[in-house]
Amino acid sequence: MIVKRFSGLSVEEALIRAKWELGDEAVLLSSGPARDRWWKFWERGYHVLAATDYPVAKSPRTSLVDSTGANEVAAGQSQAPERAPAGGDERWEQVMALLTQVDRKIGQAAPAGSGGGTWYQYLLARELPEEWARDLAGTALDGGESEEAQLAQLAGAAASRLSAPGSLPLQDPGTVIVVIGPTGAGKTTTIAKLATRCRLELGSSVLLITTDTYRVAAVEQLKTFGGILDVPVAVANRPQDLPALIREYGADVVFIDTPGHSVSQPMQVQQSLSAIKYAQATDVLLCMPATVSRSLFVKTAQKLAGGHKASLCLTKVDEVLAPGAVLGALMDLNWPVSYVAHGQNVPEDIHPASAEGLAGWLLRGGAYHG
Ligand SMILES: Nc1nc2c(ncn2[C@@H]2O[C@H](COP(=O)(O)OP(=O)(O)OP(=O)(O)O)[C@@H](O)[C@H]2O)c(=O)[nH]1
Ligand SMILES: [Mg+2]
């Protein structure tokens, strides 16, 4: 009998080497990570221990294997037999059964859709933070199921870690929405999109108020949208002016635009927060661009919301290359996401968010185009 150890980067590769040298009759005795002893720290991959009853003929096949790492443990006879092996069919079946098991294991680790890696790597490639990738990959099915079933399972798990109740109550009279967010996040554009929906689709009367008296042309920008939509636009020079303006116009739905802030401007952030207080906002919509890093997203959202219960409008998802970072931030925050804005066109480039839609985006990868 010949017993030999073969190594390779995968069990499958090591087995192929074993069969190449020992022949198809070789029986697999054991397999496992190559580094099974601590001093073998230089070894990578996997080994298999294979045995055959039949001496191996010296052939080019053998010399090829010798050069790729076969490592003889014990040897018996050395002459090749002329006859066909007795009981060969039985051993062949054993080898095939073991190969099937190995195939199944490799299939679990590397589903076809994941491009040869694990689901963990698949999620990392979409830039999902490591801990969320590990968490989601841990929910994957055991690998016997179809790729579609595994993807559906993963999508369900991702959706359960996201909160996205969708649209704000744009049809309810008395709704006052204060829109906050960092500079250039798309606050004013989002207001224009939602106000159009309110006015044209739901038939509600709308009032637009801006508290942005800092930026040149901020008032003009909102007035332009108001003019196109044929809705009144008011300017609040101080947050204290808001209650009177809201009363004066008596619109069903009021949108209050605020100047953009960075987290390093605490005084200005405070001013937007007082708009929430004075306007007695029914909803605070925090516009956050999907293009920022996970940590900046979380930090900015927490600072700008200042302890208020805000829902998110995720903007600029059309400019994102890999959705994992921002979706990881949403999983960290677990705040409700109301809308996803996916372009500059008013009003069409926005739609109510759903956890399933966001999870689907994560698994698809790339930019989000509605
Ligand atoms: N690609 C893309 N661009 C967007 C989106 N939303 C807004 N924009 C663009 O982003 C730029 C800034 O939009 P604004 O609506 O002025 O942003 P803002 O938050 O009001 O900006 P400030 O008031 O200056 O803080 C404009 O060029 C918009 O057309 C979006 O969803 N996708
Ligand atoms: Mg603006």
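The values are calculated or read from the model by the stated rules, or taken from the named source; none is laboratory data. Given the structure is predicted, the values throughout are model-derived calculations rather than measurements. Positions of Cβ are generated from backbone atoms using ideal geometry, with glycine treated the same way; all protein chains shown enter the neighbour counts. Only protein heavy atoms, including side chains, enter the accessible area calculation; ligands, DNA and RNA are left aside. Shrake-Rupley method; radii C 1.70, N 1.55, O 1.52, S 1.80 Å.
Would you mind stating whether residue 328 is away from ligand 1 (no atom under 16 Å from the Cβ), open to solvent by less than 60 Å² (accessible area, probe 1.4 Å) and not in a loop (DSSP other than H, G, I, E, B)? When the stated conditions are applied, residue 328 passes them. Filtering the stretch 176-196 to residues that are out of contact with any Phe, Trp or Tyr (no Cβ under 9 Å at 6 or more places or on another chain) and buried (at least 19 other Cβ atoms within 10 Å of the Cβ) leaves 180, 181, 182, 185, 186, 187.
Considering (1) within 14 Å of ligand 1 (Cβ to nearest atom); (2) modelled with pLDDT of 95 or more; (3) open to solvent by 20 Å² or more (accessible area, probe 1.4 Å), the lone condition that residue 208 does not fulfil carries the number (3). For residue 229, the requirement of being open to solvent by less than 60 Å² (accessible area, probe 1.4 Å) and under 23 Å from residue 269 (Cβ atoms) is not met.
Sub-7 Å Cβ pairs linking a first residue in the stretch 172-186 that is over 14 Å from residue 311 (Cα atoms) to a second residue that is basic (Lys, Arg), at least 6 apart or interchain, are 186/316, ordered by first then second residue. In summary, residue 130 fulfils each of the numbered conditions (1) closer than 29 Å to residue 304 by Cβ; (2) away from ligand 1 (no atom under 16 Å from the Cβ); (3) in contact (Cβ under 8 Å) with a residue 12 or more places away in the chain with the single exception of condition (3).
Taking the condition away from ligand 1 (no atom under 13 Å from the Cβ) and open to solvent by less than 40 Å² (accessible area, probe 1.4 Å), does residue 341 pass? Criteria not met by residue 341.
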